[in-house]
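Beneath this line is the structure, given in structure tokens, with notes to follow.
The values are calculated or read from the model by the stated rules, or taken from the named source; none is laboratory data. The structure displayed is predicted, hence computed values, not measured ones. In this analysis, Cβ positions are derived from the backbone assuming ideal geometry, glycine residues included, and neighbour counts consider all displayed protein chains.
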Amino acid sequence: MSNLTFRLASQYFIGLIFLLAYVYLVYDYSINNHWSVLSFLIVLGALYLADALSGVIHFYLDYRPCPSGVGLKELFFYNGNKGSAEYIALRRKTMTRVNAFEELVFDFKIHHPSPDTLGRRGLIKLTLGAVVFAGFPVSLVLVALTYFDLMNAHLMLFCLVLIGAIVISQYAHSCAHKKTVPFIPKLLQKSYLFITTERHDVHHRTLDRDFCTLNGWANVLVNMIFNIFNKYNLIDKSGLEPK
């Protein structure tokens, strides 16, 4: 088994454990608690924070330099069809030289010159990164806290919505790049729960604002955070492209 195959298999396994843990937490919350007006406000707050975090993560990954000399530059500036067998083979070969996190960083950058690439990716591919690096470890902590009855019901609801929204944020992002958006994501876009193509295009025209990928609610806040980082030279603008 190659390193890349092992990495992918490990991510799928982690994804399965996360899914089981998340379903357990949702089930436990649903049978032990009741919805109220406060629950609705908690959900809105969690969605706002998830959108803000998606934006901060986005600008961090956009501007984080990639490792050089491993083929990422050649992959980034590939002139042919990025859906071709040649490109896919080149990508597979290159990704064996970097770890899972660096692959995630590269995928955030590559969608700037090739936005259609993100729109073609499936749900599992789009959510695995967030599951592995965020959803999985947090869900295990929540399961432990629930098992020992150490979690407040309102905080649990907040955490469940927050985790779920962060995991799905990259899929919401991809829907802003799809030529044909499926029915349910389209409905979520019309309800302002998913970012729309029109709102997200601002980011692609500038690359220095409107980073949020879930629904865009927190763009004003994240723009302020980005501008502070930029003011104090904490943003490496050379990191937008692999060297």
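Could we say that residue 144 is modelled with pLDDT of 95 or more, in contact with an Asp or Glu (Cβ under 6 Å, 6 or more places away or on another chain) and among the small types (Gly, Ala, Ser) here?
No.
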*segment 144-161, subset crowded, with 17+ Cβ neighbours inside 10 Å and not hydroxyl-bearing (Ser, Thr, Tyr), residue farthest from residue 83 (Cα to Cα)*: 151
*asked:* Would you confirm whether or not segment 31-54 contains a residue that is more than 20 Å from residue 223 (Cα to Cα), of a type in the set (Phe, Trp, Tyr) and touching a residue at least 60 places away in the same chain (Cβ under 8 Å)?
replied: no
*How many residues does segment 170-198 contain that are in contact with a Ser or Thr (Cβ under 9 Å, 6 or more places away or on another chain), of a type in the set (Lys, Arg) and touching a residue at least 40 places away in the same chain (Cβ under 8 Å)?*
1
_Would you confirm whether or not segment 3-19 contains a residue that is out of contact with any Gly (no Cβ under 6 Å at 6 or more places or on another chain) and basic (Lys, Arg)?_
yes
*asked:* Would you confirm whether or not segment 149-162 contains a residue that is among the acidic types (Asp, Glu) and closer than 30 Å to residue 69 by Cβ?
replied: no
_Restricting to segment 178-203, and then to whatever is more than 17 Å from the chain's Cα centre (by Cα) and farther than 21 Å from residue 164 by Cβ, can you tell me which residue is surrounded by the most Cβ atoms within 10 Å (Cβ to Cβ)?_
199
*Scanning for something crowded, with 17+ Cβ neighbours inside 10 Å, under 18 Å from residue 47 (Cα atoms) and in contact with a Gly (Cβ under 6 Å, 6 or more places away or on another chain), does segment 162-169 turn up at least one residue?*
yes
*Say we look at segment 178-198 and pick out the residues that are out of contact with any Cys (no Cβ under 9 Å at 6 or more places or on another chain) and charged (D, E, K, R); which of these is farthest from residue 47 (Cα to Cα)?*
179
*Taking residue 207 and the conditions (1) out of contact with any helix residue (DSSP H, G or I) (no Cβ under 6 Å at 6 or more places or on another chain); (2) over 16 Å from residue 119 (Cβ atoms); (3) without any contact (Cβ under 8 Å) to a residue 40 or more places away in the chain, which numbered condition does it fall short on, given that it satisfies the others?*
(3)
*Pick out the one residue from 161, 222, 143 that is touching a residue at least 60 places away in the same chain (Cβ under 8 Å), of a type in the set (Val, Ile, Thr), touching a Phe, Trp or Tyr at 6+ places or on another chain (Cβ under 7 Å) and farther than 25 Å from residue 63 by Cβ.*
143
